[in-house]
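Heads up, the thing below is written out as structure tokens.
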Amino acid sequence: MSRKDLTGSAAGRDPNAPLLDVRDIKTHFRTERGTVRAVDGVSFTLQRGRTLGVVGESGSGKSVLSKSIMGLLPRRNVLREGQVLYEGLDVSVLDENQMRNIWGAEMSMVFQDPMTSLNPVMKIGKQIKESLYLHLNMSKDDAHDTAVALLSSVNIPEPEQRLEEYPHQLSGGMRQRVVIAIALACGPKLLFADEPTTALDVTVQAQILNLLQQQQHERHMAMILVTHDLGVVAGRTDDIAVMYAGRVVETAPTATLFTAMRHPYTEALMASIPKLTDPSHTRLEAIGGRPPDLINPPAGCKFAPRCKYAQDRCLQEDPPLMDAGEPGHSFRCFYPVGTDAGAQALANNAAAGRSASGVPVTLAASGSH
Amino acid sequence: MPEHSPEHPGNQAPGSNYFPSGDFLESPNLATELTQIADVDAYNLEALHNLDPDQVPEDAVKKRLGWTFWIAAAWIFLIVALALLAPLLEKLGMPDPTQPVCTSRDCSLQPPLSGYGLMGTDKLRRDIFARVIWGARVSILVGVAAVIFGIFFGSIIGIIAGFFKGKVQTVLMGAMDVLLAFPALLLAMSIVTFLDDKSVKTIVLAIGIVAIPPVARLVRASTLVFAEREFVLAARTLGASNGRVITKEILPNAVLPIVSFGIIGVAVAIVAEGALAFLGLSIPPPDPTWGSMINEGRATLETAPWVTLMPCLVLFLTVLSLNLAGDRLREYFDIREGAL
């Protein structure tokens, strides 16, 4: 199949299908120590123009997930399973040459660190125009005008001059705007933002997030916002998927997740956000322990070793994804937060002073539940 | 409970405060206020940034090349200029390098500045200065051409090996290791002997082939580093092909080490040509090259040391200048990771 076939025609595309339908994808890395199950069976669908937040701590597989969906991982020593349906077309089976027509033009990515994601020896303008020439076959003048328009749309002052500058002449926030402008250049339908504000000052973070949101609304573009910061996704996503140990442990519409979370991990993440109403010097609620070893994950629930609710059953049986009753809300837990079973489990653990996995549980800590 | 907050935060995540999308911006809570404060701060920061370029006096941070560089550069310039202008100088009265300056025996082995030219004469009554100038043409031509040859093929091999890795790399770098295992001079000598053609072309080819493996290793190393950088991944997510990534993203970044290697490489190639000429494997006499001149002076080293010393001195100064200038340029253009 030639490259043109895929770009020109809508071969295999179904306009009625959801923009992105991820079905049970698994990404395993073969290493000398063993197989790392970085992504271990993740499914979700994303409609046009919607935003999905993917939240999880370091090593939960959230970055690997976005790279797996885009097909950016090396082929060697990587096991990929499952389907990624983009407008009904399974892109997980396409090779690199075929993906090249989709990368940039249909889906693109904003990276974490604007210091390293721009080529230090190429002028900003050239970096923006590259993909315009490649995907849209623009003329030189058109590309120039588009680049200027793109830079001003991401609120960069004096865009004409910036085109002639090198990345090191810009500040971090400015560079991230350039990175966003490059990612948006060909009008993708799907944007991956992989921790887009992690490397930036807190003051600039809000601006960049607002910018992403605004661009997304204007372009009716779907976005997957990957972050470890629940505060980042709170006001800006339609749905949130909480990842732990390569799996989605809870997924729900954003408002539901914040008000009626079911998974103890989600609850623990919420608890670890500092609150403005807390008195000064309040100690942050941390989640004890570390994420599990992805080579030899614990039997049963992957979060059980750190969970206050853990019962004997959690250590043996792996909870499946359960429906919470509300549309789009599901979770993996036998003793979900906010249910009688959960409350009972916590009360049992409080009485014993520890959970089944050995996490200390005190009465006061469980009191407010 | 010293480590615990008065209210449990788990219950505190209030739905209304975290309502999605646009509502977040209008809702009258502290988070919104904070966002607005942050926005103003960021605006100010940006304003500051926009001022910057004019505010910082450029001289204060300007790096300098230093006087050693300029002396070295001046010497290189002088030698290159003299070599280029040799035919013109001859018309202006410089003696023919292959002909005796006079017919009498008196003018053989005259010391420098004795009325027989700037650097004296050799045994065959030829003007050493003229021979050094004409010899410079060969040395510089061979030095530059061999290095360009080596860089051209070495870069291609190195970048392909570093980018595609795997079997391609094993084969290419294995071949380079085989080339490196030969003593360089021996390899160059055998190439010249094998081709049995002592022309500039052959010398360039011989030294150029010897120069390929070190360049390939250097370029492969840079490629390995830059291929892992995020901007290469970013280019790929925009649909750039391998060829584009190599030529537009990696090569421009690898050019700097190649260039600084090249300048020092010219010095090494000039010495190599000198060694070949000393062994009689360069341009055949009577055409002068620095190496063959040094060789010719050996017999009279005790009575007339200048015959050997003059080309030696010029060779020494040229190689030293190239090394100094090359090193200094590399430092000057060396951009630390932090500055990127």
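Here, region B:74-173 yields an orientationally averaged convex hull projection of 9.4 nm² when only Cα atoms define the hull. The simple spin-label model puts a point 7 Å past each Cα toward its Cβ; for A:Glu57 and B:Thr193 those points are separated by 7.0 nm.
Comparing region B:67-339 with the 2.2 N^0.38 Å rule of thumb, its C-alpha radius of gyration ratio is 1.20 (two decimals). Multiplying each eigenvalue of the alpha-carbon gyration tensor of region A:26-66 by 5 and taking the square root yields semi-axes of 25, 11, 7 Å, largest first, rounded to whole angstroms. Average projection, convex hull of the Cα set of the protein assembly as shown: 41.0 square nanometres. Per-residue Karplus couplings for region A:186-195, computed as 6.51 cos²θ - 1.76 cosθ + 1.60 with θ equal to phi - 60°, are listed in order as 9, x, x, 8, 9, 10, 9, 10, 8, 6 Hz, Gly and Pro entered as x. Phi-derived couplings, Karplus 6.51 cos²θ - 1.76 cosθ + 1.60 at θ = phi - 60°, listed residue by residue for region A:122-133: 10, 5, 3, x, 5, 5, 6, 6, 2, 6, 5, 4 Hz, with x used for Gly and Pro. Dipole size of the protein assembly as shown about its Cα centre, with +1 on Lys/Arg Cβ and -1 on Asp/Glu Cβ: approximately 2200 debye, rounded to the nearest 20.
Taking R0 as 45 Å, what FRET efficiency do you get between A:Asp323 and B:Leu256 from their Cβ-Cβ distance, rounded to the nearest 0.05?
So the FRET efficiency works out to roughly 0.15.
Note that chain A shows a convex hull volume over its alpha carbon atoms of 154 Å³ per residue.
Proximity of backbone amide H atoms, modeled 1.01 Å from N, is registered between A:Met223 and A:Arg50, A:Thr51, A:Leu52, A:Leu191 at under 5 Å, excluding neighbours fewer than 5 places apart on the same chain. Between A:Arg33 and B:Ala81, the modelled labels are 6.4 nm apart [label points 7 Å from Cα along Cα→Cβ].
Helix A:140-153 and the longest principal axis of the Cα set of chain A meet at an angle near 40°.
If you average 1/r over every pair of different alpha-carbon atoms in region A:280-369 and take one over that average, what Kirkwood value in Å do you get? Each step should come with its number before you reach the end.
On the way: mean 1/r = 0.0711 Å⁻¹.
Over region A:280-369, the inverse of the mean reciprocal pair distance is 14.1 Å.
Of A:Pro291, B:Gly174, B:Ala184, whose Cα points farthest to the positive end of the dipole of the protein assembly as shown (charges on the beta-carbon: +1 Lys, Arg; -1 Asp, Glu; origin at the Cα centre)? Towards the positive end, the residue furthest out is B:Ala184. Summed over qualifying helices (DSSP H, 4 residues or more, each -39500 (n - 2.57)) and divided by its residue number, chain A shows a 222 nm mean residue ellipticity of -9500 deg cm²/dmol. Only lysines eight or more places from A:Lys62 in sequence, or on another chain, were considered; those with a Cα closer than 23 Å are A:Lys26, A:Lys189, A:Lys302. Between A:Leu136 and A:Tyr166, the modelled labels are 2.8 nm apart [label points 7 Å from Cα along Cα→Cβ]. Placing a label point 7 Å from the Cα of B:Ala74 along the Cα-to-Cβ direction, none of the residues of region B:122-156 has a backbone N under 11 Å of that point.
Values quoted throughout were computed directly from the atomic coordinates according to the rules given, and no laboratory measurement underlies them. All values derive from a computational prediction rather than experimental measurement. Here Cβ is always computed from backbone atoms with ideal geometry, including for glycine, and neighbour counts include all displayed protein chains.
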